[in-house]
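Taking it in order: structure first as structure tokens, then the write-up.
The values are calculated or read from the model by the stated rules, or taken from the named source; none is laboratory data. Since we're looking at a predicted model, the values are computed, not measured. For neighbour counting, all protein chains shown are included, and Cβ atoms are generated from backbone atoms with ideal geometry for every residue, glycine included.
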Amino acid sequence: MSRTLQNGLDLSADEKRALLAELLHKKAAQPKRAPISFSQQRLWFLDQLEPGSATYNISRAARLTGKLDRRALQAAVNAIVARHEALRTNFLSEEGAPVQVIHPARQI
């Protein structure tokens, strides 16, 4: 920014737009914390009783045949992870209570 910032009054519209874009980009790159639902609380509680249990994990396997287009697979996985916050969420215990932390999408 070429001008000094005094409550944003000395900035041009383009400079304000660039500053806002920078602030929004920084905010989007930070993990977000959110309370958990009752269903998530139940599963968190069960995990506290039996840590590491695979009871609620459903595994699937798929066999791919033929030539693999790695770029297409990478783009598809990145799109799925970006769209679904559940794939970017983990749960922490803060002061004995669970909280979900939703991380920003990353490229594989």
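Couple of notes before you dig in:
- Only one entry of R70, R88 meets the criterion of being at pLDDT 90 or above, under 27 Å from R106 (Cβ atoms), among the basic types (K, R) and touching a Lys or Arg at 6+ places or on another chain (Cβ under 9 Å), and that entry is R88.
- Strands (runs of 3 or more DSSP E) completely within segment 8-108 that count 3 or more residues being surrounded by 13 or more Cβ atoms within 10 Å (Cβ to Cβ) and in contact (Cβ under 8 Å) with a residue 40 or more places away in the chain: 97-102
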